[in-house]
Number of protein chains: 2
Amino acid sequence: MVAGVVSALELLRIMKENNIDNYYPVEIAVMNNEEGVRFGIPVSNSRAMVGLIEEGELDNIKDKDGISLRKAIIDFGITPNLANAKRTKNSIKAFIELHIEQGPVLEHNNKKIGIVETIVGFDKYSVKFIGQSGHAGTTPMANRKDALVAASEFILAVNNVVKEVGLGTVGTVGELNLTPNASNVIPNYVQLSVDIRSTENDNLQKSYEKLVKEIETIKKQRNVDIEMKRTLRIDPVYMSKEMIDIMECIANKLNLPYMRMNSGAIHDAMVMANIAPAAMIFVPSKGGLSHHPDEWTEYIDLKRGIELMLYTLLELCKRG
Amino acid sequence: MVAGVVSALELLRIMKENNIDNYYPVEIAVMNNEEGVRFGIPVSNSRAMVGLIEEGELDNIKDKDGISLRKAIIDFGITPNLANAKRTKNSIKAFIELHIEQGPVLEHNNKKIGIVETIVGFDKYSVKFIGQSGHAGTTPMANRKDALVAASEFILAVNNVVKEVGLGTVGTVGELNLTPNASNVIPNYVQLSVDIRSTENDNLQKSYEKLVKEIETIKKQRNVDIEMKRTLRIDPVYMSKEMIDIMECIANKLNLPYMRMNSGAIHDAMVMANIAPAAMIFVPSKGGLSHHPDEWTEYIDLKRGIELMLYTLLELCKRG
């Protein structure tokens, strides 16, 4: 959030200092809670702006101490007013978000600017493996129903499946819990999470179908029951082609080392795309790190992002 | 413990009721703490009998509330006396232990008696996988150092390696912990336990060597550091061949449906074999269950075990 806010402020400062006149008004939208850490629900500011938050949500959604979203906003000194927050469709000419990449792609490609084409969609699954516990010494290998062995095969399958499906698709098993988790007992139960992201809904669906097949094979080979349940589906969101072209043209003129790329994380621009043409500019994250004390973007890199945003804005504001 | 104690008492009752005279004295050794649950150290009674417990151990070994083994024994109303507990080598003609199988082998083979040939030895390892965390959406598959994917490959390797090494060797990964264990973050660290058991030290060593090779391959393929450390090595222990032959002969005479087999769990007979010829009789565990409320052995099955123990004892006591 900080890089985005600082960049927007800097942009307005430059415009004022240079007495730049613009046909369309420029507005800064400072959004917090993109990550949804405290209340478990992300991008709540943009969701309010596009009218996707109902009054009830302010009261029903609570943090781990039981404090509602409404109370947290009031405690902060603001009166929640959803009607005021809401903007109507087509009332905004364009929305631009500058963000740190939160990944290693720019660094690996030796580029300084990312022009985002697609914010990936994703599927989340919860998968349960139900085997049978047994003594690690007295149960012959042939008689085992080892839930962790089955889960391990599935984890490798997730890794292979997304690679087969191809570029723009990634898959992660990040959470895994097993029972009883004792060194001399065969695990009888494993629960794990699957997170699959792709620029195409088709690829999410293909990954799902391949995983279902893999599960059938693993079930038979390992004598373990497996249940997979989808817990979330978010469609990919495409940034404005017109704005991408403008940005690319400007990046070329300014000799900025840019690349077109996708965003693997969700962003407010994804939500704003519901009511306005939206665009995103990525600046490099050192080592790909984010949500980490070592998160860092060089000033020169941020400056390049601000330049691209400034000239894109001027171009957009020119048009009648 | 209960099946063993009841069987021994029943055996003496039969001998008394039938006025059976024996050349060698018969003694019941009632041993607790075979499992080592409270103090973390198993087979402490037999270890005291063979002189493997030093005075210091009584004071240094404590339960989770800080109560020493010595204090626990005194609180129970007994004065610990290691010198009294100790028996000298060759002062005992034979040691027989009857135990529930704690596994499914007898049931699967439709046998009622197991004559134990070997109590398997085992290696325990702690294995660490050190990768790099990253955002599940923004980190391309090719850039990942996913500790859980590497660990999954290793878990399957453990399963394959012990099958390659062959019958009488089993391997289990029962404990696994990962960091940060969040659905949208690539795991950067996994620690897991490996438990490998075999009737032959050679097979333990072969398994180790194969795992070391597998680790080298996984390290390279997955770009993850792996450290494996042996935390325990216990050699296999062989039961007395003479007593096995006597028991087999009697089992045949009595028409008992028996089989020769190995014990995958450690037992007091393993320790007693240090100072006396030792033998073990297994009776079936329903469903292979042990340390579980549903643990069960049919009375008729226990009776068969007692019969075998009785006639073996009579045979042993006859000999001058």
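The values are calculated or read from the model by the stated rules, or taken from the named source; none is laboratory data. What you see is a predicted model; the values in this text were computed from it and never measured. As a convention, Cβ positions derive from the backbone with ideal geometry for all residues, glycine included, and neighbour counts pool all protein chains shown.
Surrounded by 17 or more Cβ atoms within 10 Å (Cβ to Cβ), assigned by TED's automatic domain parsing to the domain that holds A:SER133, among the charged types (D, E, K, R) and over 29 Å from A:GLY168 (Cα atoms): is that true of A:ARG197 in this structure? In short, no. Against the condition crowded, with 21+ Cβ neighbours inside 10 Å and at pLDDT below 95, how does A:THR139 come out, does it pass? When the stated conditions are applied, A:THR139 passes them. Taking the listed residues B:ALA269, B:ALA276, the one that is in a loop (DSSP other than H, G, I, E, B) and either assigned by TED's automatic domain parsing to the domain that holds B:LEU11 or crowded, with 17+ Cβ neighbours inside 10 Å (or both) is B:ALA276, with no other qualifying.
Kindly evaluate A:ARG304 against the criterion of being in contact (Cβ under 8 Å) with a residue 24 or more places away in the chain and assigned to a strand (DSSP E or B).
Working: in contact (Cβ under 8 Å) with a residue 24 or more places away in the chain: yes; assigned to a strand (DSSP E or B): no.
Against the criterion (in contact (Cβ under 8 Å) with a residue 24 or more places away in the chain and assigned to a strand (DSSP E or B)), A:ARG304 does not qualify.
A single entry from A:ASN18, A:ASN33 fulfils the requirement of being under 30 Å from A:ASP301 (Cα atoms) and touching a residue at least 12 places away in the same chain (Cβ under 8 Å): A:ASN33. Taking first residues from region B:265-284 that are within 20 Å of B:ASP195 (Cβ to Cβ) and partners that are in a helix (DSSP H, G or I), the Cβ contacts under 9 Å between residues at least 6 apart in sequence or on separate chains come to B:HIS267/B:SER46; B:MET270/B:SER46; B:VAL271/B:ASN45; B:VAL271/B:SER46; B:VAL271/B:ARG47; B:VAL271/B:MET49. When you look at A:SER91, is it small (Gly, Ala, Ser) and within 9 Å of another protein chain (Cβ to nearest Cβ), yes or no? In short, no.
Screening A:GLU248, A:GLU242, A:GLU227 for residues that are closer than 30 Å to A:ALA142 by Cα and touching a residue at least 24 places away in the same chain (Cβ under 8 Å) leaves exactly one candidate, A:GLU227. Among the residues here, B:VAL127 does not qualify as facing chain A (nearest Cβ under 10 Å) and β-branched (Val, Ile, Thr).
Is there a residue being among the aliphatic types (A, V, I, L, M), touching a residue at least 40 places away in the same chain (Cβ under 8 Å) and touching a Ser or Thr at 6+ places or on another chain (Cβ under 6 Å) anywhere in region B:77-98? Yes, there is a match, as at least one residue in region B:77-98 is among the aliphatic types (A, V, I, L, M), touching a residue at least 40 places away in the same chain (Cβ under 8 Å) and touching a Ser or Thr at 6+ places or on another chain (Cβ under 6 Å).
To keep it simple, each residue is scored yes or no on (1) under 22 Å from the mean Cα position of the chain (by Cα); (2) among the small types (Gly, Ala, Ser); (3) closer than 25 Å to A:ILE275 by Cα.
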residue	(1), (2), (3)
A:VAL26	no, no, yes
A:SER44	yes, yes, yes
A:MET49	yes, no, yes
A:LEU52	yes, no, yes
A:ASP75	no, no, no
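Considering (1) under 30 Å from B:GLY40 (Cβ atoms); (2) at the interface with another protein chain (Cβ under 8 Å from one of its Cβ atoms); (3) of a type in the set (Ser, Thr, Tyr), say which one A:TYR189 fails and leave the rest. Only one criterion in (1) under 30 Å from B:GLY40 (Cβ atoms); (2) at the interface with another protein chain (Cβ under 8 Å from one of its Cβ atoms); (3) of a type in the set (Ser, Thr, Tyr) is unmet by A:TYR189, namely (2).
Here is the figure for region B:124-169: residues that are more than 21 Å from the chain's Cα centre (by Cα) and either free of Cβ contacts under 8 Å to residues at least 24 places away in the same chain or not assigned by TED's automatic domain parsing to the domain that holds B:GLU200 (or both) total 8.
Tell me, which helices (runs of 4 or more DSSP H) lie completely within region B:25-130 with 2 or more residues that are surrounded by fewer than 18 Cβ atoms within 10 Å (Cβ to Cβ)?
On the way: elements: B:44-49, B:55-60, B:69-75, B:82-85, B:105-108.
Result: B:55-60, B:69-75, B:82-85, B:105-108.
The set of residues in region A:229-266 that are in contact with a Lys or Arg (Cβ under 7 Å, 6 or more places away or on another chain) and surrounded by 21 or more Cβ atoms within 10 Å (Cβ to Cβ) comprises A:TYR258, A:GLY264.
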